[in-house]
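Taking it in order: structure first as structure tokens, then the write-up.
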Amino acid sequence: MSSSPNFHPSTGGGRGDLLRVAAVQMNSRDDKAANVETALALIDRAAADGARLVALPEVWSYLGPESGNRVNAEPIPGPTIDRLADRARRHGVYLHAGSILEIEPGDPRLYNTTVVIDPDGDLVARYRKIHMFDIVLDGVATYQESATISPGDDIVTVEVDGVPVGLAICYDVRFPELFRILALRGAEVIVLPAAFTMTTGKDHWEVLIRARAIENGVFMVAPAQMGQHPPGHWTYGRSLIVDPWGTVLATAPDAETVVSAVLDRSLLRRVRRQIPSLSNRQPERYAWPDEATALALGQPVGR
């Protein structure tokens with residue numbers, strides 16, 4: 001389960017302390033129907049392996065040219081989420097729906113949205129991605145998520161069998177403020193579905209996931225997209241499950257697959273006792289510098 005200091009699989013953790021989670025890794029493309037069938041099959045596999053919480057990757061129902069975003073978007077609830085709800089009921093599991101492109105009737109905007117479905121098939125949480133992936137990778141590609149997607153407003157946690165779980169999506173991982181707030185709101189597990197680029201993923205993916213786990217004393221569950229997607233973009237894959245010490249509990253190979261691990265809350269309590277970074281905070285001493293405004297506007301700072 002973990003090689004963290006002072007941790008032994010045979011010690012600690014009654015039934016209420018243990019949560020088996022699964023991260024689904026996919027190579028979604030621009031064939032929505034095929035993507036849905038693949039996701040359902042992988043959910044079935046994860047459930048058969050005993051997972052109580054199954055998590056899908058980012059934009060798994062459609063990952064193709066941006067021109068197809070709107071036609072493949074759906075309301076929530078809608079046909080795709082209804083099929084996931086049926087699977088959650090069938091298997092008696094919590095299902096984190098990765099993220100899909102959401103449209104609301106009468107709203108011209110789209111959202112990159114995740115929902116959590118409980119074992120009764122009920123939607124118990126909804127999170128719309130806050131941070132838009134608007135970047136330029138010199139000589140490689142330009143991405144502007146905000147061209148077709150609008151950011152959400154709310155920071156969201158939900159309980160899974162009594163375990164507080166925080167919600168985030170992909171590029172959110174580069175904004176530690178969000179993860180600190182989730183931890184301060186009680187999150188012990190944070191699920192981060194992603195479609196990390198190959199260029200950034202090979203150098204940043206594991207480092208960022210482990211950093212967010214360590215600095216907040218949380219488990220990170222990060223199901224990812226892998227491989228090539230139309231019109232020629234590549235995602236890194238390597239879905240991860242990481243414990244609060246920063247130890248990698250599971251890593252996916254370069255394939256559509258499922259990886260799983262048992263999360264032991266007694267380990268989380270032990271790590272937070274040994275390294276109490278949440279309780280050692282000094283919020284009264286923190287203030288955003290004036291330079292923060294200039295940086296946000298892309299203006300030069302200092303001389």
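Observations
- Residue tally, condition part of a loop (DSSP other than H, G, I, E, B) and surrounded by 21 or more Cβ atoms within 10 Å (Cβ to Cβ), over the range 158-170: 2
- Hits in the range 110-159 (condition: within 17 Å of the chain's Cα centre (by Cα) and polar (S, T, N, Q)): Asn112, Thr113, Thr114, Thr157
- Residue in the range 222-271 that is nearest to Glu206 (Cα to Cα), counting only those that are charged (D, E, K, R) and within 15 Å of the chain's Cα centre (by Cα): Arg238
- The range 15-40, subset part of a strand (DSSP E or B) and touching a Leu at 6+ places or on another chain (Cβ under 6 Å), residue surrounded by the most Cβ atoms within 10 Å (Cβ to Cβ): Val24
- For the range 259-287, the set of residues classified as outside any loop (DSSP other than H, G, I, E, B) and among the charged types (D, E, K, R) consists of Asp264, Arg265, Arg269, Arg270, Arg272, Arg273, Glu284, Arg285, listed by residue number.
- Residue tally, condition modelled with pLDDT under 95 and in a strand (DSSP E or B), over the range 191-204: 1
- Selection of the range 205-258 for residues being part of a loop (DSSP other than H, G, I, E, B) and surrounded by 21 or more Cβ atoms within 10 Å (Cβ to Cβ) yields Gly217, Val218, Pro223, Gly237, Arg238, Ser239, Asp243, Pro244, Trp245, Ala252.
- Meets criteria (among the β-branched types (Val, Ile, Thr), part of a loop (DSSP other than H, G, I, E, B) and over 21 Å from Asn35 (Cα atoms)) for Ile155: yes
- Residue count for the range 32-64, restricted to those that are of a type in the set (D, E, K, R) and either free of Cβ contacts under 8 Å to residues at least 24 places away in the same chain or in contact with an Asp or Glu (Cβ under 6 Å, 6 or more places away or on another chain) (or both): 1.
- Candidate set: the range 267-286, residues that are more than 14 Å from Ala183 (Cα to Cα) and loosely packed, with under 11 Cβ neighbours inside 10 Å; chosen: the one modelled with the highest pLDDT: Arg273
The values are calculated or read from the model by the stated rules, or taken from the named source; none is laboratory data. Just so you know, these numbers come straight off a predicted model, no measurement behind them. Here the Cβ is made from the backbone with ideal geometry for all residues, glycine too, and neighbour counts use every protein chain on show.
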